[in-house]
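Q: Okay, here's the structure, questions in a sec.
The values are calculated or read from the model by the stated rules, or taken from the named source; none is laboratory data. Small disclaimer: the values here were computed from a predicted structure and weren't measured. Don't worry about glycine lacking a Cβ; one is built from the backbone with ideal geometry, like all the others, and counts go over all protein chains shown. Heads up: the accessible areas ignore ligands, DNA and RNA and are worked out on the full protein's heavy atoms, side chains in. Shrake-Rupley method; radii C 1.70, N 1.55, O 1.52, S 1.80 Å.
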Amino acid sequence: MADKKKIDFDFAAHEAPLFKAWNEGGYFQRTPGFGKHQNDCYTVVIPPPNITGMLHMGHALDDTIQDACIRRARMQGYQTRWVLGTDHAGIATQTKVDKKLAEEGISRLEIGREKFIEACYDWRAHYGTTIVEQIKGMGCSCDYSDEHFTLDPDYIDAVRRLFVEWYHDDLIYRGKRIVNWCPHCTTAIADDEAEYVDEPGHLWHLRYPLVEPIDGLDYIIVATTRPETMLGDTGVAVSPKDPDKQKFVGAKVKLPIVDREIPIFSDYYVDADFGSGFVKVTPAHDPNDWAMGERHDLPKINIFDETAHVVEGYGEFSGMSRDEAREAVVAWFEEHGLLDHVEDHDHSVMTCYRCHTKLEPWLSEQWFVSVDRLKGPAAKAVESGEITFHPARWSQVYLDWLENLKDWCISRQLWWGHRIPMFYCDECGWEDASVEDIHTCPKCGASVRQDEDVLDTWFSSQLWPFATMGWTREGTQASELQKAYPTQVLATARDIMGLWVARMVMASEYCMGTIPFENVIIYPTVMGSDGKPMSKSRGNGVDPLKLMEDYGADGMRFGLLMQVTGAQDLKFNESKLENSRNFSNKIRNAARFVMMNLEGFEPGEPEVSTPADRWIFSRLARLVARVDESFDAYEFSDVTRELYAFFWNEFCDWYIEFSKSRLSGSDAADRLACQRNLVFVLDTALRLLHPIMPFITEEIFQDLPVEGEDPYLIACAWPEAESLAKYRDEQAERAMIMVCDVVSAVRATRSRYGISPKQALSVTVKVEAASDAALLSEQEQLICGMGNIESLQVGCDAEKPAESSVTLGTGLEVYTVLSGHVDFEAERARLEKQRASLQKDIEKFGRKLSNPGFLAKAAPEVIEKDRAKHADLSDQLKRVESQIAELN
RNA sequence: GGGCGAUUGGCGCAGCGGGAGCGCAAAUGCCUUACAAGCAUUAGGUCGCAGGUUCGAAUCCUGCAUCGCCCACCA
């Protein structure tokens with residue numbers, strides 16, 4: 001099946017030159033604007049892809065959405081600019097570079113910090129720009145002349161400035177806390193960077209001997225999922241609500257192996273019904289235990305080193321890994337008769353979101369952002385409606401996240417990143433944060449050292465919208481910030497709602513005193529075709545680069561947007577891309593048709609004269625209004641559906657067909673009118689399609705003999721719904737429905753009887769109103785051409801010709817003469833079927849209309865509509881029945 | 001544990017209070033001078049289940065089931 005679909009078209013060969021032309025024409029830099037929005041800026045900052053990243057489906061969708069928004073805004077006359085850049089991605093990059101060096105037999109520790117950072121920059125120079133090239137391939141109209149990077153000198157200044165401001169404003173502090181430690185990356189990571197994975201495990205019930213027996217008991221039993229941490233236990237807790245356990249409170253147990261005497265105490269954290277009711281407390285290796293330790297003033301004993309191996313001082317256990325220690329501890333308890341029993345117990349374990357190593361809650365000194373004062377303004381920005389989420393329900397998720405926010409651990413024990421701008425004097429104890437490097441102590445003159453750690457990558461990401469627009473600069477770039485800030489749209493994935501979106505709002509409110517963006521588009525997560533998240537191990541991933549090869553950038557963009565509905569997931573459907581690739585082919589061919597028929601063409605205003613003209617212009621006017629509405633609401637699947645349906649099913653299927661006879665006719669004036677109309681509709685459609693399918697629309701536009709406002713479509717004007725509103729024409733729309741009904745009826749009859757389209761037929765149409773008869777007669781030529789009809793009779797009292805097949809429509813009957821070929825049995829069967837269906841519907845409406853409740857309470861116009869419908873159905877039934885009677 | 005989303009013809013989805021739609025797939029016939037990546041025609045659904053609100057429910061409410069996501073996390 002796939003082979004059948006394979007087609008041979010070199011999309012890149014068509015796309016690349018257009019991209020080059022736009023780029024060289026300066027269209028990607030801030031455009032001057034025109035028209036009523038001339039003085040308004042429309043700015044978008046790209047969610048900076050990681051320099052380790054290859055373009056994946058998430059980017060493809062994200063960038064398509066942004067480009068569609070920015071391209072439409074550009075055509076609407078806004079001063080547009082899409083700010084581009086990449087993220088240094090601390091852990092991700094360091095891991096990659098580590099791996100690469102390891103392959104060359106080099107260790108990071110050997111070469112030292114400076115050399116390692118050099119290696120990171122090297123790596124970036126080689127691989128870190130790939131993704132920008134891929135974004136170009138998609139046709140994205142970013143400002144490539146001003147690309148940013150989160151480790152640019154400017155950006156570093158911005159990060160340091162924020163750190164210093166927050167530090168001096170008591171929003172940043174240092175503390176010894178339990179943090180999530182990745183023993184593989186040997187760094188702390190933030191709570192929300194940890195991923196939970198459910199795992200089958202065990203609950204070990206261990207006996208801890210009491211120092212003094214109580215009521216004849218000489219031990220208690222603690223239950224734990226992590227027996228190895230017992231080496232660091234400094235207490236045992238029971239629930240205050242557990243009456244049986246109160247007698248133990250105040251007693252002491254002698255911790256096995258380490259022979260430490262530790263107290264039993266009571267704490268509300270303990271759930272009496274879980275496990276044994278006794279909780280071993282390891283303040284240095286569990287956040288909850290840490291909290292209990294604080295409450296009860298317990299010592300905090302760290303038993304692991306930074307790679308999660310047991311530290312010195314624990315005899316045979318020292319040097320063991322976590323897993324080895326677990327086995328050894330359990331074995332020791334078993335050997336000494338202290339392992340009471342083991343039960344199965346599933347639990348979730350925290351893993352590193354980068355390397356998926358199990359995280360260790362680990363006690364260390366870290367830097368924190370105090371969030372209490374920051375989160376209020378960020379919440380208010382959304383509550384007040386200054387920032388709008390699309391779909392709207394995400395605002396609640398955002399607010400919930402803020403409400404539950406705890407202080408943010410921002411220090412990372414990495415080398416690649418923004419080094420914390422804290423300076424310490426070991427001589428006199430002076431310390432301070434500083435934007436500029438400090439070498440000598442301002443107090444005692446001794447040399448100072450800078451903090452070794454770097455900042456969480458999200459700490460720098462939160463400045464992205466304003467740091468890329470000249471926050472630390474003076475003059476022109478600062479005025480750019482004045483002019484174009486806040487930005488209009490942020491399009492991003494839902495999983496970084498808190499990590500990134502909320503933090504940008506907090507930082508922007510603090511630094512800029514305003515919101516960073518007006519609209520947040522949360523697009524659905526692209527799942528594999530099996531409905532599961534795309535992953536290498538599942539093998540359900542899809543590569544956008546391959547998709548662009550197969551369907552073109554336009555095909556991928558349109559096909560992706562077709563799938564963007566309000567749902568939170570998107571089950572990727574490649575057939576949609578095939579669909580949209582076929583659509584772009586349709587566009588290409590329709591344009592070819594128009595251009596092949598432009599002999600004698602002179603540009604000019606459209607001449608909307610025939611009912612077909614009035615109809616297509618009316619439909620076009622409607623389309624522009626609907627596309628605007630959908631675009632403004634960021635309902636992308638609606639935008640694509642509307643464009644697709646208009647272009648294919650109305651413009652191509654009917655209007656182009658209608659126009660063929662006029663184009664080949666002898667009336668030169670009429671031909672010119674038709675040409676102008678075709679060109680106008682095509683031109684308008686291309687403009688509407690351009691934000692989503694930039695390449696093919698531009699390519700065609702270049703060949704189209706129209707004078708745009710700009711040589712390139714990218715900067716031409718977006719169609720205005722108001723100026724097209726004059727073409728709205730209900731009557732013409734109704735007329736064309738009748739015309740299409742007649743043509744379809746004849747075609748259906750042909751198909752039913754296997755009559756070749758080449759054989760001309762005689763047709764009689766019976767209508768109800770004289771005005772309808774006149775309308776249809778007026779379109780005789782059109783109808784005859786479309787249905788290959790040699791003679792057409794239309795009338796209110798037309799007689800059914802002998803030997804004809806009948807098709808019933810709303811308000812009309814179409815008789816197609818078959819001269820001897822009518823299969824009466826088949827006709828009867830078909831009509832009987834129609835009768836049954838009509839009777840069913842009539843019954844339904846009859847019931848409704850005889851319902852007193854309905855008549856009393858329903859809206860009058862609804863009742864009226866249903867009455868008309870009922871009458872129409874009854875009429876149709878009567879006609880079907882009389883046709884059946886005739887057959888007998 | 002809390003929250004959110006999905007459940008509509010074989011598949012993927014739209015519709016979100018007034019007679020069930022689209023695309024793909026299927027069937028039949030067409031190489032009709034824009035397009036076979038196409039054209040024409042046809043068939044296919046008691047809108048997850050059970051209650052409720054309403055004159056009227058795919059659409060609103062409640063409960064249940066299945067699938068999925070996010071957040072929190074009990075040793």
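Q: Looking at this structure, is A:VAL489 under 29 Å from A:ARG74 (Cβ atoms), open to solvent by less than 10 Å² (accessible area, probe 1.4 Å) and within 31 Å of the chain's Cα centre (by Cα)? Don't jump to the end; show me each part of the working.
A: Details: under 29 Å from A:ARG74 (Cβ atoms): yes; open to solvent by less than 10 Å² (accessible area, probe 1.4 Å): yes; within 31 Å of the chain's Cα centre (by Cα): yes.
So A:VAL489 fits the description; yes.
Q: Out of the residues in the stretch A:615-650 that are out of contact with any Leu (no Cβ under 8 Å at 6 or more places or on another chain), farther than 14 Å from A:LEU689 by Cβ and open to solvent by less than 10 Å² (accessible area, probe 1.4 Å), which is farthest from RNA strand B (Cβ to nearest atom)?
A: Ranking the qualifying residues of the stretch A:615-650, first place goes to A:SER618.
Q: For a quick check of your reading: which helices (runs of 4 or more DSSP H) sit entirely within the stretch A:1-77 and have at least 1 residues that are among the basic types (Lys, Arg) and surrounded by fewer than 21 Cβ atoms within 10 Å (Cβ to Cβ)?
A: Details: elements: A:2-5, A:11-24, A:57-76.
The helices (runs of 4 or more DSSP H) meeting that bar are A:2-5, A:11-24.
Q: For the stretch A:506-525, name all the residues that are outside any loop (DSSP other than H, G, I, E, B) and within 14 Å of A:VAL382 (Cα to Cα).
A: Initial filter on the stretch A:506-525 (outside any loop (DSSP other than H, G, I, E, B)): A:506-511, A:517-523, A:525.
Passing the criteria: A:MET506, A:SER508, A:GLU509, A:PHE517, A:GLU518, A:ASN519, A:VAL520, A:ILE521.
Q: Quick test for you: out of A:VAL763, A:VAL767, pick the one residue that is within 16 Å of RNA strand B (Cβ to nearest atom) and closer than 15 Å to A:GLY809 by Cβ. Steps first, answer last, please.
A: Numbers: A:VAL767 fails: within 16 Å of RNA strand B (Cβ to nearest atom).
Criteria check complete, one pass: A:VAL763.
Q: Test A:GLY293 against the stated conditions and say whether it is within 48 Å of the chain's Cα centre (by Cα), in a loop (DSSP other than H, G, I, E, B) and not aromatic (Phe, Trp, Tyr). Break it down into steps so the answer makes sense when it comes.
A: On the way: within 48 Å of the chain's Cα centre (by Cα): yes; in a loop (DSSP other than H, G, I, E, B): no; not aromatic (Phe, Trp, Tyr): yes.
Spelling it out, it is not the case that A:GLY293 is within 48 Å of the chain's Cα centre (by Cα), in a loop (DSSP other than H, G, I, E, B) and not aromatic (Phe, Trp, Tyr).
Q: Here is a check on your reading of the model: is A:ASP710 without any contact (Cβ under 8 Å) to a residue 60 or more places away in the chain and over 21 Å from A:MET596 (Cβ atoms)?
A: yes
Q: Scan the stretch A:595-614 and report the pairs whose first residue is assigned to a helix (DSSP H, G or I) and open to solvent by 60 Å² or more (accessible area, probe 1.4 Å) and whose second residue is modelled with pLDDT of 90 or more and of a type outside the set (A, V, I, L, M, F, W, C), with Cβ atoms within less than 6 Å and a gap of 6+ or a chain change.
A: A:ARG614/A:ASP729
Q: For the stretch A:100-217, please list each of the strands (runs of 3 or more DSSP E) lying entirely inside it that holds at least 3 residues being within 16 Å of RNA strand B (Cβ to nearest atom).
A: Details: elements: A:147-149, A:172-182, A:187-189, A:194-199, A:202-214.
The qualifying strands (runs of 3 or more DSSP E) are A:172-182, A:194-199, A:202-214.
Q: Of the residues A:THR357, A:THR351, only one is hydroxyl-bearing (Ser, Thr, Tyr), touching a strand residue (DSSP E or B) at 6+ places or on another chain (Cβ under 7 Å), under 30 Å from A:GLN450 (Cα atoms) and in contact (Cβ under 8 Å) with a residue 12 or more places away in the chain; which?
A: Numbers: A:THR351 fails: under 30 Å from A:GLN450 (Cα atoms).
So the residue among A:THR357, A:THR351 that is hydroxyl-bearing (Ser, Thr, Tyr), touching a strand residue (DSSP E or B) at 6+ places or on another chain (Cβ under 7 Å), under 30 Å from A:GLN450 (Cα atoms) and in contact (Cβ under 8 Å) with a residue 12 or more places away in the chain is A:THR357.
Q: I'd like the residue in the stretch A:272-290 that is aliphatic (A, V, I, L, M) and not in a loop (DSSP other than H, G, I, E, B) and, out of all such residues, is most open to solvent (accessible area, probe 1.4 Å).
A: Just the residues of the stretch A:272-290 that are aliphatic (A, V, I, L, M), to begin with: A:272, A:279, A:281, A:284.
Subsequent filtering for residues that are not in a loop (DSSP other than H, G, I, E, B) retains A:279, A:281, A:284.
Numbers: A:VAL279: 39, A:VAL281: 0, A:ALA284: 0 Å².
Out of the qualifying residues, it is A:VAL279.
Q: While we're looking at this one, here's another question. Quick one: is A:ARG503 open to solvent by 40 Å² or more (accessible area, probe 1.4 Å) and of a type in the set (Lys, Arg)?
A: Judged against the criteria, A:ARG503 is not a match.
Q: Let me ask something else about it. Step by step: first the residues of the stretch A:836-855, then only those that are over 25 Å from A:ALA769 (Cβ atoms) and near RNA strand B (Cβ under 7 Å from one of its atoms), then the one that is surrounded by the most Cβ atoms within 10 Å (Cβ to Cβ). Which residue is that?
A: Looking at residues that are over 25 Å from A:ALA769 (Cβ atoms) and near RNA strand B (Cβ under 7 Å from one of its atoms), I get A:LYS848.
Q: Another question about this same structure. Can you name every residue in the stretch A:681-699 that is touching a residue at least 40 places away in the same chain (Cβ under 8 Å) and either among the polar types (S, T, N, Q) or open to solvent by 10 Å² or more (accessible area, probe 1.4 Å) (or both)?
A: A:THR684, A:ARG687, A:THR697, A:GLU699
Q: Would you mind listing the strands (runs of 3 or more DSSP E) fully within the stretch A:775-888 where at least 1 residues are more than 49 Å from the chain's Cα centre (by Cα), at pLDDT 90 or above and β-branched (Val, Ile, Thr)? Before you say what the answer is, go through the steps one by one.
A: On the way: elements: A:789-795, A:804-809, A:812-817.
Ranges flagged: A:789-795, A:812-817.
Q: While we're here: In the stretch A:651-680, what residues are open to solvent by 50 Å² or more (accessible area, probe 1.4 Å) and either closer than 20 Å to A:VAL739 by Cα or within 11 Å of RNA strand B (Cβ to nearest atom) (or both)? Walk me through how you get there before you give the answer.
A: So in the stretch A:651-680, the residues open to solvent by 50 Å² or more (accessible area, probe 1.4 Å) come out as A:653, A:657, A:660-661, A:664, A:666-669, A:671, A:680.
Within the stretch A:651-680, A:ASP653, A:GLU657, A:LYS660, A:SER661, A:SER664 meet the criteria.
Q: Another one. Run down A:ARG588, A:ARG581 and say which single residue is open to solvent by 40 Å² or more (accessible area, probe 1.4 Å) and under 16 Å from A:MET693 (Cα atoms). Reasoning before the result, please.
A: Numbers: A:ARG581 fails: open to solvent by 40 Å² or more (accessible area, probe 1.4 Å).
Only one candidate qualifies: A:ARG588.
Q: If you don't mind, another one. I want to confirm something. Restricting to the stretch A:509-543 and keeping residues that are at pLDDT below 90 and more than 14 Å from RNA strand B (Cβ to nearest atom), which single residue is farthest from A:MET54 (Cα to Cα)?
A: The extreme case among them is A:GLY539.
Q: Condition first: in contact with a strand residue (DSSP E or B) (Cβ under 6 Å, 6 or more places away or on another chain) and modelled with pLDDT under 90. Can you find one or more residues in the stretch A:583-602 that meet it? Walk me through it before giving the result.
A: Just the residues of the stretch A:583-602 that are in contact with a strand residue (DSSP E or B) (Cβ under 6 Å, 6 or more places away or on another chain), to begin with: none.
No: the stretch A:583-602 contains no residue that is in contact with a strand residue (DSSP E or B) (Cβ under 6 Å, 6 or more places away or on another chain) and modelled with pLDDT under 90.
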